[in-house]
Structure formats: structure tokens, C-alpha cells
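What follows is a short report on a single structure.
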Amino acid sequence: MTVAALSLALLPGAAPLASLDVEITGLRSGKGLIQLCLTADAGAFPDCSKGAGGIKRTVPAAAPRIRFEGLAPGDYAVAVIHDANANARLDTMLGIPKEGFGFSRNPAIGFGPPRFAAARFAVAAGGSAQQIRMRYLL
């Protein structure tokens, strides 16, 4: 925990801070990048491009784990893309993803991404963890 985060946590009446550990499993390869979107805003899900408060992070596919710190306890959802060619976007063919994707709570996938409610999970004051399984359609 950073000094600033620790200082805020110790202030009287300050909201407790939480952390979230995310592990991505089922990758086809360790090539490229993992793009993550963590949000508590249903309007920003799944790509953190709309709404407020979305957190985007990128990690190497060879090391598919990340820790988010300094989060307010509450409900969040995570969307993940295996950007195998590192071009900063999800490649598709006829609208079907050519690269891997996944979501917190590993919900069933129909046409398009799941709704925020299907991927939503609680982050507790002490910390939480999510294991996200990658899916590949092509």
C-alpha cells in the first residue's frame, strides 16, 4: 500500500480501501498483451470508454496477473481481452472475435458481451480475487 493510501485509510471516518487480485487463465499463448477494464459503472462496461471511474490496465500475456489497489469497497466488473498481436484492439472477423476475451464471474456468452450485472462481483474492504477464464471463438 502506498504512503498516501495508508494515510487516507488511517484518517478518522475515512472509507476503507480494498484491493483486487485478478488472474487470467486459459490463454492460448503468452504472446501479446492482456487489456483489462475494471469498472463499478455499468455504463462503462465492458470497455471503459464511457461513463466514469473505469480503470484500464495492460499487462504482458506472459504474466497474466494484476493487483488493483486503493479501490472503494463495492460492486465491480472486469472485462479482459487477449490482444495477441498487441495492436490495442479486439480483432474480429465478420463480427466474431478472433482474439480471446473474458469477464469476471465467467458468465455464459451469447451474442455480444454479457451485461454488467452478469459480471458484477463484490470487492470487500479486506480485498477480493477474481479468476477469469479466457474464451476463444476462432
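A protection proxy built from the mean count of other Cβ atoms within 10 Å ranks the segments 29-37, 120-128, 73-81, most packed first, as 73-81, 29-37, 120-128. Residue 85: net charge of surrounding residues, Cβ under 14 Å, Lys/Arg +1, Asp/Glu -1, itself excluded? Computed value for this residue: +1. Comparing Cα centroids, region 19-59 and region 78-100 end up 12 angstrom apart. Scalar couplings 3J(HN,Hα) for region 119-131, obtained by applying the Karplus form with A = 6.51, B = -1.76, C = 1.60 to θ = phi - 60°, are 9, 5, 8, 8, 9, 8, 4, x, x, 9, 9, 9, 10 Hz; x denotes Gly and Pro. Principal axis extents of the C-alpha atoms in the chain (largest first, rounded to whole Å): 55, 29, 22. Taking Cβ atoms as reference points and 13 Å as the exclusive limit, the residues near residue 138 contribute a net charge of +1, counting Lys and Arg as +1 and Asp and Glu as -1.
Among residues other than residue 121 with Cβ under 11 Å from its Cβ, the summed charge is +1 (Lys and Arg +1, Asp and Glu -1). Working from Cα pairs under 8 Å separated by at least six residues, relative contact order for the chain is 31 percent. Every helix of 4 or more DSSP H residues in the chain counts as -39500 (n - 2.57), and over all residues that averages to -2000 deg cm²/dmol at 222 nm. A protection proxy built from the mean count of other Cβ atoms within 10 Å ranks the segments 54-64, 40-50, most packed first, as 40-50, 54-64. For a straight C-alpha distance cut-off of 16 angstrom, the aspartates and glutamates reachable from residue 98 (same-chain residues fewer than eight places away being disregarded) are 83.
Bear in mind these aren't lab numbers, they're just calculated from the coordinates by the rules spelled out. In this text, all values refer to a predicted model and were calculated from it rather than measured experimentally. We place every Cβ from the backbone using ideal geometry, glycine too, and count neighbours over all the protein chains shown.
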